[in-house]
Amino acid sequence: SSGINAEWLLRPGLRPGPTLMKYIPRNTVDILEQFGRSLDPKRLLPSFIHCKTTDQKEQALRYLQFVVFSTKCKDEAIHNFLLSLVVQQDDEGLLLDFLDKTDANVDKKYRLRLCVDTTA
């Protein structure tokens, strides 16, 4: 056992997520996915906000796609942040697929602004 559990990851005052995502992003997302719906993905957003490397961003994208499409998370903040990561991928097919699948859960004004800012 890795000794990591959902309660440890989300304990008040302890924020291991950003550090884990900085140094071992793939392993971190593997662990997060194992917890599935037992984690509140909104509480994990700070772990993904400061992702800078390609690997960190890809793993953040992977986890949030898992949350949205596998656990059926409907939280608008999760969908909006995932959209921001999808737009950064510079993959029109990925973007169109995401928008088609998540239309009702993304703030419309935010979506438009993000897409316009990216093409400018």
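Determine the order of ILE24, ILE78 by accessible area, beginning with the largest, at a probe radius of 1.4 Å. Mind dumping the intermediate values first?
Numbers: ILE24 75, ILE78 0 Å².
The ordering from most to least exposed comes out as ILE24, ILE78.
Heavy-atom accessible surface of ARG43, to the nearest 10 Å², is about 130 Å², with a 1.4 Å probe and all protein chains retained. Label point of THR71 set 7 angstrom out along Cα-Cβ; within region 21-57, amide nitrogens under 11 Å from it belong to 32-45. Our estimate of slack between ASN80 and VAL116, defined as 0.36 nm per intervening residue step minus the Cα-Cα distance, is 11.5 nm.
The values are calculated or read from the model by the stated rules, or taken from the named source; none is laboratory data. In this text the structure is predicted, and so the values were computed from the model without any measurement. Note that we place each Cβ from the backbone using ideal geometry, even for glycine, and neighbour counts take in every protein chain shown. All accessible areas refer to the heavy atoms of the entire protein, side chains included, with ligands and DNA or RNA removed. Shrake-Rupley method; radii C 1.70, N 1.55, O 1.52, S 1.80 Å.
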